[in-house]
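One structure is given here, and the rest of the page talks about it.
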Amino acid sequence: MAIEKRLTELLNVVVAEGGSDLHVFAGGSPMIRIAGELITLAKYPAFTPDETESMLKSVVPQDRWDSFKKDQTIDLSYAHSANERFRINGYRVQGATALALRLIPSSSRTFSELNLPSVLEVFTQREQGFFLCVGPVGQGKSTTLAAMINRINETRAEHILTIEDPVEYLFVQKKSLINQREIHIDTPDFHTALQSAFREDVDVIMVGEMRDYETISSAVTAAETGHLVFSTLHTNNAAQTIDRIIDMFPAEQQDQVRVQLAGSLAAIFSQRLIPRISGGLIPAYELLINNNAVANLIRGGQTHEIGGIVQTSSQEGMIDMDRMLSDLVHRGEVTVEHAYEHAMDPKTFEHYL
């Protein structure tokens, strides 16, 4: 009970301080992340290896503990209170257990509340297609997709299926029927859940993460066969995302995948969360919309030219990351230094400045 009380106290600190993440590990005081910065909670004593293991074991279902012992890592969600949930990753560090806990907001927010472009609304109203939200870990990809799914839920009567590891945002059904399936609890993996979705009369599918080519292949097929599919990838920009997807497939399948992707891709949205001068974080983003020119480049394996199309197609709704960063600087939202750190092409960014 003592270790559970310590966990509860630390999670209360995260919520009270407006933090996003908590790190607990053996041999040091816990740390929390606030507005992108890690802060040591020095008043809390260091944890021992036995204590961190006991803390993780207190939140992992008994039937999954053996899995952690075997794989040395585990993902799960944890209800801290009626209004706060956390995504937990347990892992090993030099033989000791460590925990990374991320706060999941109690409800998804609107595009305007998240400072996201209104053009994303267009992609929530499509009948089919493949929409990817990309960026490094911790840049708000899941939050953006939750806002898009919730917008569909508010405006359309559709059957929405989410496949997540673990389930993060809990959606309240409005106009849509929403089923949320969790890996290891409701289905063994993303690929299996996607395959069964074809028999479940699903209209919209949200896949928490594209981890292997079987999952991507099923997602692309779903988008080709009348489904609207949303997912994420840990890539830096649109061109790299397309290359990563194609490179996941065996060489003999890559030409076919280019054709499929050229036909099914709706858009790729890349985002970063940047420290705001006034406090907190603000997103900067790139939006690639798949038009005829982009589709031709994908088919022809000329993804290195996609950045140029994004830069010159703002009239079609595309958004260039470097121009976006310069706009944030000009509006006094972020410093030049912080914007420069996230520039796709520093010379292009300097030109916009």
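Taken together, the values in this text are just the output of simple stated rules run on the coordinates, not laboratory data. In this text, all values refer to a predicted model and were calculated from it rather than measured experimentally. Because the Cβ atoms are built from the backbone with ideal geometry, glycine has one as well, and the counts that use them run over all protein chains shown.
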* Structure fact -> Around residue 150 (Cβ within 9 Å, Cβ-to-Cβ, excluding residue 150; K/R +1, D/E -1) the net charge comes to +2
* Structure fact -> HN-Hα couplings for the range 128-144 via Karplus (6.51, -1.76, 1.60; θ = phi - 60°), in whole Hz with x for Gly/Pro, come out as 7, x, 10, 10, 10, 10, 10, x, x, 4, x, 9, x, 4, 5, 5, 5
* Structure fact -> Relative to the chain, whose Cα atoms define the longest principal axis, helix 254-264 and its Cα axis are tilted in degrees, nearest 10, by 80 degrees
* Structure fact -> For residue 43, the lysines lying under 22 Å Cα to Cα, once residues fewer than eight places off in the same chain are dropped, come out as 5
* Listed candidates (1) 61, 51, 42; (2) 84, 42, 41; (3) 63, 56, 42 - label of the one calculated as Cα extents along the principal axes in Å -> (1)
* Structure fact -> Among 257, 22, 205, the residue whose Cα sits farthest towards the positive end of the charge dipole of the chain, when +1 is placed on the Cβ of each Lys and Arg and -1 on the Cβ of each Asp and Glu, is 22
* To do: Please report the relative contact order for the chain, taking Cα pairs under 8 Å with a sequence separation of at least 6, and give it as a percent rounded to a whole number.
  => 13 percent
* Would you compute, from DSSP H runs of 4+ residues alone, the mean residue ellipticity of the chain at 222 nm, taking -39500 (n - 2.57) per run and dividing by the full residue count, rounded to the nearest 500? => -11000 deg cm²/dmol
* Asked: Ranked from highest to lowest mean number of other Cβ atoms within 10 Å per residue, what is the order of the peptides 203-216, 4-17?
  -> 203-216, 4-17
* Structure fact -> Given Cβ charges of +1 for Lys and Arg and -1 for Asp and Glu, the option among 171, 42, 135 whose Cα lies farthest towards the positive end of the dipole of the chain is 42
* For the range 150-158, just list the computed ³J(HN,Hα) in residue order, Karplus coefficients 6.51, -1.76 and 1.60, θ = phi - 60°, integers in Hz, with x standing in for Gly and Pro. => 5, 5, 4, 4, 7, 10, 9, 8, 10
* Environment charge of residue 253, counting only residues whose C-beta is closer than 13 Å and scoring Lys/Arg +1, Asp/Glu -1 -> -3
* Under 15 Å from residue 69, Cα to Cα: aspartates and glutamates that are on another chain or at least 8 residues apart -> 50, 53
* To do: Using a cut-off of 11 Å between beta-carbons, work out the net charge of the residues near residue 31 (Lys and Arg +1, Asp and Glu -1, residue 31 not included).
  => -1
* Relative contact order, percent, of the range 2-104 when contacts are C-alpha pairs under 8 Å separated by at least 6 residues? -> 27 percent
* **Helix axis angle, 2-16 relative to the chain longest principal axis, alpha carbon, degrees** => 40 degrees
* Structure fact -> Helix 62-71 sits off the longest principal axis of the Cα atoms of the chain, rounded to the nearest 10 on a 0 to 90 degree scale, by 70 degrees
